[in-house]
Structure formats: structure tokens, C-alpha cells
Amino acid sequence: MTRRTVVTLPGDGIGKVVLPEALRVLEAVGFQADYVEAGIGWEHWVHEGNPLPGETVELIAKHRVALFGAITSKPKDLAAQELRPELRGKGYVYFSPIVALRQRFDLDISIRPCVAFPGNPLNFIRRAAGGGVEEPPVNAVIFRQNTEGLYAGVEWTNPPEAVRQAFASHPKFKPFASVPPEDLAISTRVFTRRACRRICEEAFAYAARHGYGSVTICEKPNVLRETSGMMVEEGRKVHERYPDIDLWETNIDAQMMWLTKNPEDYGVIVAGNMFGDIISDGFAGLVGGLGFAASANIGTDVGVFEPTHGSAPKYAELDPPIVNPIAMILSAAMMLDWLGETERARRIREVVAAVVAEGRVRSYDMLKLRGGPRAIEQGAATTTQMTDAIIAKLG
């Protein structure tokens, strides 16, 4: 078998802490690869005006697979203020480098599993009908359309006259016709039929492969009639090829309420970019939070794998580090699945589940402690100790 080369993108903050832990686990499970580190994130923005250097894009184009840690993102004005003085006022505009990667390589399929590990003290519990509490078995996988919608970046403040005229051609724009241009900001929500069809096809195929009984399309077609309507329409067409899988349709607002009512009822969920981001974080909160939330960004022949948590800069410099590496480790397992190393991926998930169930080693979030250096004094495992426990069971 040809030895793989994986591009590693530590990025910002705790990305630099958790990504090396995932590489330790990959080595322990017997995955052999060469790793080439590439730059991405805030430091490159500040010093170069570009958070996604061209060399990084070239490396990913060459090797087709990457593990990504985390990035820091800030609003437009704050980002501009942090540029080196000589770069300010020269037209540089910050744009999320992970979103740029998704668009550059058409990583249109985002897969975000939210699975409750038995024994995790952070798992969702609810009051049982007969008294006491119960812990529903949450096992949801969110398929998020990853390149379009509100995250496509088609937006303006003080829109050009041609844009304004185009919007003015729609009767619903009439209340905004007299707004001064400098007081008007427009963000578009762009869906294409091809992308809607592809995310639905991938979701139904995944459900069939893994034995899920339902696929839920989570959108808002009663209000967002054109965009959400297109997703629902394509989902219904794809469903015709999978008669043994139930198709459910929910509105995003109602779905967020049902998360804490009957989360065990949901299997595979499909949503556009923004709603997929929201619903996946909602489900992640039921299975332990972002310390357990892994994800894949997949195109036709490129895959980038990342935890969904942010860079958490206030924890990045703690020595020893205390952040939970499990989301990053599970993201590495998703990479193995994509590369065809399914047995090694299964083994990693199995061992993570065993460590969580055993409960001897728990990170500060699992102990419900405030983050900070005192967490270790209060019994929290360090980042390294958590990884050590996982590696020990891989044995």
C-alpha cells in the first residue's frame, strides 16, 4: 500500500494543542503516514493579510487529505484593526480560511456525528415519565451542505447600485427602497439544485449503509420558500430510491425545541449551511459538548477533518494543557474511515468509548469544572493524560 501523506493544519489556539494528540493516537493504532505541516489562521492574517496561504492550498491540492485543528475568527472591523500597520487600508478583507478551503476544494459535504458515549457525565438526561431521570441514547449524524447558503460570502454593506437595483426588482424589497445605501447590509442565501441533491444523496446513502431508519430534512420551507423549498424537493426525489428509510421534514426552530424532548428519535439529519451549523452544535450539546464533536469536510476527492470547536485562545497557553482532545481524535478516526482504514477507525472509537465509560480519566469539561490551571488540582486530567489513557487501551 502506498504510504499516505497527510497535511496537518494546527491553526490557532488549542488547535496547536489537540492536533499533535491525534497524531499520537494515529501512530498508536498503527496508521502509517508522513505528515507535512502547513500554515493557516490568524497569524497569517495579521502578518500577510491572508489567513490561507497559497502554499497551504498547494499542499492540500497535492496530497488531497488534511487534519485541521482550529482557527480564530473575528468580525470584519476587529480583523482589520489587527493587521500589521503597513497592511491596513490596502483592501485586505478577512474571510474564514476554513470556509475558503471548503469553497476552494468544493468540500460540499460536511458530516458531523453526535453520538453519546455511555458513562459520559455530560450526556443529556431528562425527567422520566414515572419519576426519576433517564438518559436517552443519542446517535445523530448531521449532513450539512458546506459551500452554499448564508456562508457563501455573497454579501455587501452599501451595496453597488446594480445590486440594489436587482433587489429592488423584487416586490418584497419595497420597504427598504428608501434606506440610504450606507445603512443597508445584504447577505444572500444561495442554494443550487445540484448541491441540494448531492447532500441528500449522501445522507440517504449513509443512512442505508449504517442502518439508520430515518433521514430528516431540517429547513424552514414555510418561510424560506425558495431555498429551503428546493432542499425539501430534492430530498423527496432522493427518498424515492430508498423506500425502506423514513423521510421526516422539520423546521429548524421546532427541531431545536425537540432536541431536548426526543433526541433519540433522530438518525441522519440534512440541512443547509447555517441550519446545519446550528443543529449540529445543538446535538453536540446533548453528547458532551464541543469536546466530543468531530466533523469531516468532504469533496469528490479531497477531505479535510476537524473538530468543530473553536481555538479557545485563553486555554492555549496553559502548561500543562487541559483541553479535551477527544473531538480531534474522533476527527482523525473520520479521516481513517475516508481513507478506507475502517478497522483502525472503529478501534479508536471503541477505545474512546471504553475510556469514557471507565471514568478514571476525565478532562475538566467532563468534571464540569471551570477551565484554568486549578482544574488539574481539582482532579481533571491534562490533555496528554487523556490521550495517554486512550493509547494505553489501544495497547
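The values are calculated or read from the model by the stated rules, or taken from the named source; none is laboratory data. Just so it is clear, the model here is predicted, and its values are computed rather than measured. Every residue, glycine among them, receives a Cβ derived from its backbone with ideal geometry; neighbour counts consider all protein chains shown.
Quick notes on this structure:
- Any hit, region 214-224, residues being surrounded by 16 or more Cβ atoms within 10 Å (Cβ to Cβ), among the charged types (D, E, K, R) and either in contact with a helix residue (DSSP H, G or I) (Cβ under 7 Å, 6 or more places away or on another chain) or assigned by TED's automatic domain parsing to the domain that holds Ala271 (or both): yes
- For region 86-96, the count of residues that are surrounded by 20 or more Cβ atoms within 10 Å (Cβ to Cβ), in contact (Cβ under 8 Å) with a residue 40 or more places away in the chain and of a type in the set (Lys, Arg) is zero.
- Where Ser228 falls short, out of the listed (1) within 19 Å of the chain's Cα centre (by Cα); (2) buried (at least 19 other Cβ atoms within 10 Å of the Cβ): (1)
- One residue alone among Leu122, Leu150, Leu184 is under 22 Å from the mean Cα position of the chain (by Cα), aliphatic (A, V, I, L, M) and more than 26 Å from Asn251 (Cα to Cα), and that residue is Leu122.
- Taken over region 1-35, residues that are farther than 21 Å from Val99 by Cα and of a type outside the set (Phe, Trp, Tyr) amount to 20.
- Residue match in region 25-32 (condition: among the hydrophobic types (A, V, I, L, M, F, W, C), surrounded by 13 or more Cβ atoms within 10 Å (Cβ to Cβ) and without any contact (Cβ under 8 Å) to a residue 60 or more places away in the chain): no
- Residue count, region 169-194 (criterion: touching a strand residue (DSSP E or B) at 6+ places or on another chain (Cβ under 6 Å) and among the small types (Gly, Ala, Ser)): 2
- For region 198-220, the candidate set comprises residues that are part of a helix (DSSP H, G or I) and among the charged types (D, E, K, R); within that set, the residue that is farthest from Ile298 (Cα to Cα) is Arg209.
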